[in-house]
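Every read-out reported here was derived from the displayed coordinates using simple, explicitly stated rules and does not represent laboratory data. Treat the numbers as computed from the prediction; the structure is a model and nothing was measured. In this analysis, Cβ positions are derived from the backbone assuming ideal geometry, glycine residues included, and neighbour counts consider all displayed protein chains.
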Amino acid sequence: MEGNQLKKRIFVASKREPADTVIKNGKIIDVFNGEIIEGDLAIVDGYFAGIGDYEGNRVIDANGRYISPAFIDGHVHIESSMVTPNEFAKALLPHGVTTVIADPHEIANVLGVDGIQYMLDSSENLPFDFFFMLPSCVPATEFENSGATLHSADLKPFYQQPRVLGLAEVMNFPAVLTAEDDMLNKILTAKQFGKKIDGHAAGLSPNDLNVYMAAGICTDHESTTASEAKERLRRGMYLMIREGTVAKDLQQLIPIVNDRNARRCLFVTDDKHLDDLIQDGSIDHNVRLAIASGLSSIIAIQMATINAAECFGLESKGAIAPGYKADFFLFDDLEKIKITTVFKDGIAVVENGRLMIESQNHTLVETERLRNSVRYHELTENDFHIPLRTNNANIIEIIPNSLVTRHIIEKVDRSDLGLFQPSINNDQLKLAVIERHHLKNQIGLGIVKGLGLRSGAIATTIAHDSHNLIMAGTTDFDMVVAAKAIKNIQGGLVVVNHGEVIASLELRIAGLMSDRPYQEVYERLNEINLALKELGANNHFNPFLTISFLSLPVIPELKLTDKGLFQVSKFQHIDLDA
Ligand SMILES: Nc1ncnc2[nH]cnc12
Ligand SMILES: [Mn+2]
């Protein structure tokens, strides 16, 4: 900040100069006292300068509406929205979210440091604050092939960037437990730069949490039960309460939040599909759901604002007070949080739900693989044959709206050649993960129960976290057609039925994000959702995002990577034959 800016802010605060803008007749959410106060809000150069009785060059009448600090998402993978940061910001602003702390490990698993740089470069010059954590586990484990590997030395240069806040979710617990060299260096480098370290403590025991906290890993977003949440708070971790498209943990966890421990709790979405962001919202949806689950509106708003800001040391964010950034919104109804007007840096960016910003068309330096990241050999039906020695198989059973799966053993049908035969009635489908980065010709095959598809096949290059090609199908032929279609569009989502592609969404950027406007992607997603109904999918959960997590070998219990079936609790591959 320049001297004259500081002087101007002091002169406005002391009423010797008029503010740029004054907001009058509002009910201000005071996140520090947990109260609602009245008073004018003086704004100058995008910051609040005072609460009280002010005059300004521009006066905005809040008409008795509530005024909340803008919401902050403490942990999100932007790529899961399937649109670029620019479009992601446009989709979030109407929901009162103006800041996210993103973990670009999705694109980093495909393109390495070029992926991180792309996310930094493509998230500037927007009326939105993107902060980043550096991917700590690329690949997530050695039990899969990713598109890149990131070592401590690869991450270090990024810490110079002011928008980099720390090391992203440490998922490789064994590497921490054994004090593995490169993991230790990643942690030490973050500490050396005074940065934060996010955790991923899915399924970890209380003693495992001691290891994480002792190592300086101080947040977690993977609690799925109240007792897990309490354990994390007890050991000094910030509790990130997640409500995303697949992982919906909020209602299980909210009961343990109270006015004594709430300050250590914040909200995250982690992964949210664009259609859910538009229909339900982002962190505003977490807030509404928390209030509906019995949490006070004030505490819910504190969790979505000042708590998230303090968790990441964002000094001038998350509150309405002099010296804080003028990122706020006007809303009606303390329960329903009906957002009418959103301000970023003191400027209205959304009015009556309508975006008031023009498109940003800044050109980026793009690497060749950014839009050409999908490569694998021509596949045939033989590639999807699953030979079994017996009729008992290890099967991945999905749990709707959870990233966790069950490991079950069930009888399956086999052909007279001993090949697994999908069963519609038993809901036992083929699952395949095809390495798609370096032509390794590596295919992991498994059986999945619970997807509910009665015909056809689905395929996507969003397959956490290595983002190979994952697909589920009822016939080998449909799976071959789906794989061919995915390669033709260089990544995305495809729905195939009776040998025909009936819907698709191209995600050209790293096979993860579309480069089209978010409204267009939203329309394509609605077509995809209709096509899924033709395959018999119910709408209690999203089959694409669900299969996208069946390849994530750091969340219990049975998953599939391109290297085969993987039992997470035992950190080992297992056979399909039970
Ligand atoms: N919850 C999660 N944990 C680990 N990796 C992820 N990638 C996307 N979401 C994730
Ligand atoms: Mn995680």
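Evaluated at q = 0.05, 0.08, 0.11 Å⁻¹, the base-10 log of the normalised Debye intensity for the chain, with identical point scatterers placed on the Cα atoms, takes the values -0.21, -0.54, -0.99.
Treating r as the C-beta distance of Met1 and Ile357 and R0 as 35 Å, the FRET efficiency rounds to 0.90. In this structure, the residue pairs whose Cα-Cα separation is over 31 Å, taken from Lys196/Lys230; Lys317/Lys570; Lys15/Lys344; Lys430/Lys487; Lys15/Lys90; Lys487/Lys570, are Lys317/Lys570; Lys15/Lys90; Lys487/Lys570. Size check on the range 12-150: the Cα extents along the three principal axes, sorted descending, read 61, 28, 24 Å. Taking the convex hull of the alpha carbon positions in the range 318-361 and averaging its projected area over all directions gives 4.0 nm². For the range 409-499, the equivalent ellipsoid built from the Cα gyration tensor has semi-axes of 23, 14, 12 Å, listed from largest to smallest. Each label was represented as a point 7 Å from its Cα along the Cα-to-Cβ direction; for Glu38 and Ser293 these points are 3.5 nm apart.
Peptide packing: for 487-495, 141-149, the average count of neighbouring Cβ atoms within 10 Å per residue gives the ranking 487-495, 141-149, highest mean first. State, to one decimal in nm, how far the label point of Thr225 lies from the label point of Lys440, with both points 7 Å from Cα in the Cβ direction. Once both label points are built, they end up 3.4 nm from each other.
Per-residue 3J(HN,Hα) values for the range 507-514, derived from phi via the Karplus relation 6.51 cos²θ - 1.76 cosθ + 1.60 with θ = phi - 60°, read 10, 6, 7, 6, x, 10, 10, 7 Hz in sequence order (x marks Gly and Pro).
Distance between the 7 Å Cα→Cβ label points at Asp515 and Asn261: 4.7 nm. On a full-extension model of 0.36 nm per residue, what is the gain between Val365 and Lys191, subtracting their alpha-carbon distance, rounded to one decimal in nm? Once the chain is fully extended between Val365 and Lys191, it gains 59.5 nm.
Between Glu523 and Asp182, the contour length at 0.36 nm per residue exceeds the Cα-Cα span by 118.4 nm. Relative to the first principal axis of the alpha-carbon coordinates of the chain, what is the inclination of helix 283-292, with its axis defined by its Cα atoms, in degrees from 0 to 90 and to the nearest 10? Long axis of 283-292 versus the principal axis of the chain: about 90 degrees. Using the Cβ-Cβ distance between Asn372 and Asp53 with R0 set to 60 Å, the FRET efficiency works out to roughly 0.50. Treating each Cα of the range 386-453 as one equal point scatterer and applying the Debye formula with no solvent, the log10 of I(q)/I(0) at q = 0.28 Å⁻¹ comes out as -1.23.
Divided by 2.2 N^0.38 Å, where N counts the residues, the Cα radius of gyration of the range 211-321 comes to 1.02.
Rg ratio for the range 356-476: its Cα radius of gyration over 2.2 N^0.38 Å, N being its residue count, equals 1.33.
One chain, two ends: Asn207 and Asn539. Fully extended at 0.36 nm per residue, the span grows by 115.6 nm beyond their Cα-Cα distance. What is the helix-to-structure angle for 181-192, meaning the angle in degrees between its Cα long axis and the longest Cα principal axis of the chain, kept from 0 to 90 and rounded to the nearest 10? With both axes taken from Cα atoms, the answer is about 10 degrees. Over the chain, dividing the summed -39,500 (n - 2.57) contributions of all DSSP H runs of at least 4 residues by the number of residues returns a 222 nm mean residue ellipticity of -7000 deg cm²/dmol.
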